[in-house]
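As structure tokens, the structure follows; a few thoughts come after it.
The values are calculated or read from the model by the stated rules, or taken from the named source; none is laboratory data. Keep in mind it's a predicted model, so treat the numbers as computed, not measured. Please note: Cβ atoms are built from the backbone with ideal geometry, for glycine as well, and neighbour counts cover all protein chains shown. What goes into the accessible areas is simple: the full protein's heavy atoms, side chains included, and nothing from ligands, DNA or RNA. Shrake-Rupley method; radii C 1.70, N 1.55, O 1.52, S 1.80 Å.
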Protein chains: 2
Amino acid sequence: MTVGVRHDDLRRRNRAMVVGAVRRATQPSRTEIAATTRLSNSTISAISSDLIAEGALVEVKSGETALARRGRPQVALGLNPGFDSVVSVVLTLNQLWTSLISYDGTVADEAVQRLPTMTMGKDELAEAVVEAVRCLLQRGPRRRRPARIALAVQGITDSSDSRLLWSPITPHSDIAFGPLLEERLGIPTTVQNDCNMIAVALKWRWPQRYGADFFAVLLSNGIGMGLMQKGQLFTGTHSSGGEFGHMIHVPHGALCRCGRRGCIEAYAGNYALVRSAAGGAETDPPAADIGQAEIEALADAARASEGRERAAFRRAGEAIGYGMGNLFALFDPAPVAIVGPGALAFDILEEPIRAAIAQTAGGQHSGAISFATEPNEMPLIREGCAMTALAFVDDQVAARASAPAAHQPGRAMA
Amino acid sequence: MTVGVRHDDLRRRNRAMVVGAVRRATQPSRTEIAATTRLSNSTISAISSDLIAEGALVEVKSGETALARRGRPQVALGLNPGFDSVVSVVLTLNQLWTSLISYDGTVADEAVQRLPTMTMGKDELAEAVVEAVRCLLQRGPRRRRPARIALAVQGITDSSDSRLLWSPITPHSDIAFGPLLEERLGIPTTVQNDCNMIAVALKWRWPQRYGADFFAVLLSNGIGMGLMQKGQLFTGTHSSGGEFGHMIHVPHGALCRCGRRGCIEAYAGNYALVRSAAGGAETDPPAADIGQAEIEALADAARASEGRERAAFRRAGEAIGYGMGNLFALFDPAPVAIVGPGALAFDILEEPIRAAIAQTAGGQHSGAISFATEPNEMPLIREGCAMTALAFVDDQVAARASAPAAHQPGRAMA
DNA sequence: TTAATTTTTTCGAGGCTCGAAAAAAAGAGC
DNA sequence: GCTCTTTTTTTCGAGCCTCGAAAAAATTAA
């Protein structure tokens, strides 16, 4: 913050507080908002009446009177679903999910399609995304153009959240999804890392479990991580950062999908489990796409008896555990969410993970570290993506200095 | 930020901006401050006249007219050295440095003493620090009590910056320096990690080289790191964090001073170099305090010919390089400062460090990463410590709502 | 129907920043 | 030495913003 705070910044921030309070709480009254924001009732009254006049908020007449108390009943405020909308797009290996989200966060429409991402051309892939969004927007009732698109992809995005720098789902690099979608559809677009979206979603869904500090580790074909630190989503300085899966576990170690040697992913990714359980050499080339069934069969075999499968999971757990220990050395220990297909094998992974953490700087707290599992990552990614897009709209709403109110009768001039 | 912005926060922030601008720039004029803060001239005028009335700032009559231009000459504003003072204390293995710093950042007095930190009792050590500060304060001319003490130590501090949780310079853990010094001397005290202070100092000294993002790696008997990310000093959530030296380089690897196996320090710390060059086993117990001369002899031997010494430095560089590569995977690449005695051997370390980084996720930029060396870490630690203490005073100054002005004539009431 | 209670709005006071104008403090030119 | 020009700094009124107190509104309890 090198720049001074001007007078209008104050209003903007307090408007953001009010919108944020309404989004976080479920239909709070003005008095409740005043309590959580610690602003005075008069300020909340002024700001909320502005926001209602602008159409962002609505007074909700709850049919069931919440609590028949004495006194003037509280008036619940809610987000006006029709005020605006956003699009959340999730691009995974061979699949493309699109959702239309109302301003209040409800899903208005949704679509999934298959897409051969690995074999498509660069432009072809980008155009497919444009087309999918266009299709989604055209098939519903006639609506205003959404205010924002958020696109989540596995891989590395740039710091301006507009480009996909690298991803395992496509052989192409540096795809400018942001500028392209903006040009073709006229909608500002951000590109986000999928694991970061998982972290965002976890915080929204279970704010008491996933508070200011936690790790979300995605165990799937690749290994990803999203990290909340001091209440903020952690990102790199030039990119999405947090490339946990490609931290080096063993120098000169197993061959990774990324071409390097000894990455955590090269021990804990699905392809690594298959390679290791099959008794292949660590330098055998990684398989492309492993089916979920194959991994489950491996896990069952590992549960059944000692053998190559169990050893493979042990090596995977060790890689994850040492990696997490290194994270703890940097960030300090925090709760961990194990997300994705790998969560189904967490019963086999937990012991080696904890054993490895105990060997690291985070080790003194090894027993106290809480793990939770969440096998299905897709709903989280979509939800995080939607909330990220909505956060942009909320910022815009907060910044919109009490709208010019042109052609808007019923509003007295001061 | 869950709490609303009230009206007085605005003034507080803008006062902080002005104080900060004066501290950063060298005696700027009001107009220059207005330019850097983007506040209006009237606001700067009002705030700076308040700050002058309160005694924090002074108008500096520079003997040499900076630039004989036409028009009313600018009046330079400076920090009033006599306004307040702070104490910076640096506790290292067997040494204790204390400095009295004026509000303008100049060193008013300074003292060093030897101290057998490894053999002293817990209370004894703490009392020695109290006594050293008391001694420093008593020997000069009679002054007001300093506003703040900042204590820098190698090791891990807690998140409230008041306790030393663990340190290699003493066998004791969890020493409450903060509360103790505050109780005994009546001066609020913060305890800080030494490498974090190095990072702070680098940013103050060479803001263009060490800007918003850089790593400061201390190579000494132990391995430490301070990290600036997005303009902020990086710290853990419960502790000072950033324990680079105790990230695991090789699982089940060499024995570290901390008792664990395979830490980066166990390959790159002074004791590790000596152990490795002597042909000792990786599990040989680490030596306590290695003299600087011994390391320089090792480095000379390594420069002279291929052999065990050169191999030791190569292993050290590899450990550092892989560790930095892992940092780059999380934070993204950034300039690196190699600080401390190890900087003198950087000519031998650079090649293996770069080679290792090239094997990691940060590898694509391996050649572009800039290294700078700074062999003498003590001045940096003391400087960072002083600036940290002064930052607290600046915050207080900013928060002090235009002082009651009691018994202060010559100030018209509005 | 009246009293009590709680929420929400209204209103004036006090602060803060800003732009414009005025004041201040120099050099330039004659 | 005097006036004009230029630049910095201060002054002053306008416009916002938040706050506390009081008023208004909307309900239950008696």
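From A:Asp161, A:Asp174, grab the single residue that is without any contact (Cβ under 8 Å) to a residue 24 or more places away in the chain and at positive phi.
A:Asp174
Any residue at all in segment A:76-88 that's exposed (fewer than 13 other Cβ atoms within 10 Å of the Cβ), more than 14 Å from chain B (Cβ to nearest Cβ) and within 11 Å of DNA strand C (Cβ to nearest atom)?
No, segment A:76-88 contains no residue that is exposed (fewer than 13 other Cβ atoms within 10 Å of the Cβ), more than 14 Å from chain B (Cβ to nearest Cβ) and within 11 Å of DNA strand C (Cβ to nearest atom).
Working only within segment A:31-58, note down all residues that are touching a residue at least 40 places away in the same chain (Cβ under 8 Å) and closer than 17 Å to A:Ala398 by Cβ.
Answer for segment A:31-58, where residues must be touching a residue at least 40 places away in the same chain (Cβ under 8 Å) and closer than 17 Å to A:Ala398 by Cβ: A:Ile33, A:Asp50, A:Leu51, A:Ala53, A:Glu54, A:Ala56.
Given the residues B:Arg12, B:Arg6, which is the only one that is open to solvent by 60 Å² or more (accessible area, probe 1.4 Å), closer than 30 Å to A:Leu39 by Cα and away from DNA strand D (no atom under 12 Å from the Cβ)?
Being open to solvent by 60 Å² or more (accessible area, probe 1.4 Å), closer than 30 Å to A:Leu39 by Cα and away from DNA strand D (no atom under 12 Å from the Cβ) holds for just one of B:Arg12, B:Arg6, which is B:Arg12.
Within segment A:38-55, can you find the residues that are in a loop (DSSP other than H, G, I, E, B) and within 14 Å of chain B (Cβ to nearest Cβ)?
A:Arg38, A:Leu39, A:Ser40
Just give me the residues in segment B:36-60 being among the aliphatic types (A, V, I, L, M) and away from DNA strand C (no atom under 13 Å from the Cβ), in sequence order.
Within segment B:36-60, B:Ile52, B:Ala53, B:Ala56, B:Leu57, B:Val58, B:Val60 meet the criteria.
List the residue pairs whose Cβ atoms are under 6 Å apart, where the first residue sits in segment A:321-337 and is more than 7 Å from chain B (Cβ to nearest Cβ), the second is surrounded by fewer than 24 Cβ atoms within 10 Å (Cβ to Cβ) and of a type in the set (Ser, Thr, Tyr), and the two are 6 or more positions apart or on different chains.
Short answer, once both residue conditions are applied: A:Pro335/A:Ser370.
So, of the residues in segment A:32-62 that are over 23 Å from A:Met387 (Cα atoms) and either open to solvent by 80 Å² or more (accessible area, probe 1.4 Å) or among the acidic types (Asp, Glu) (or both), which turns out to be nearest to DNA strand D (Cβ to nearest atom)?
That would be A:Ser42.
Identify, please: which residue in segment A:218-259 is over 21 Å from A:Ala312 (Cα atoms) and of a type in the set (Val, Ile, Thr) and is, among those, least open to solvent (accessible area, probe 1.4 Å)?
That would be A:Thr237.
Going through segment B:300-323 one residue at a time, which ones are buried (at least 23 other Cβ atoms within 10 Å of the Cβ), of a type in the set (A, V, I, L, M, F, W, C) and out of contact with any Ser or Thr (no Cβ under 7 Å at 6 or more places or on another chain)?
B:Ala302, B:Phe313, B:Ala316, B:Ala319, B:Ile320
Any residue in segment A:366-373 that is more than 14 Å from every other protein chain (Cβ to nearest Cβ) and in a helix (DSSP H, G or I)?
Yes, because at least one residue in segment A:366-373 is more than 14 Å from every other protein chain (Cβ to nearest Cβ) and in a helix (DSSP H, G or I).
Among all residue pairs at least 6 apart or on different chains, which show Cβ distances below 7 Å where the first residue, located in segment A:300-318, is farther than 26 Å from A:Thr360 by Cβ and the second is not aliphatic (A, V, I, L, M)?
Once the first residue is farther than 26 Å from A:Thr360 by Cβ and sits in segment A:300-318, its partners that are not aliphatic (A, V, I, L, M) give A:Ala301/A:Gly307; A:Ala301/A:Glu309; A:Arg308/A:Gly279.
Would you be able to tell me the number of residues in segment B:15-30 that are without any contact (Cβ under 8 Å) to a residue 60 or more places away in the chain, open to solvent by less than 60 Å² (accessible area, probe 1.4 Å) and away from DNA strand C (no atom under 13 Å from the Cβ)?
Number satisfying all stated conditions: 4.
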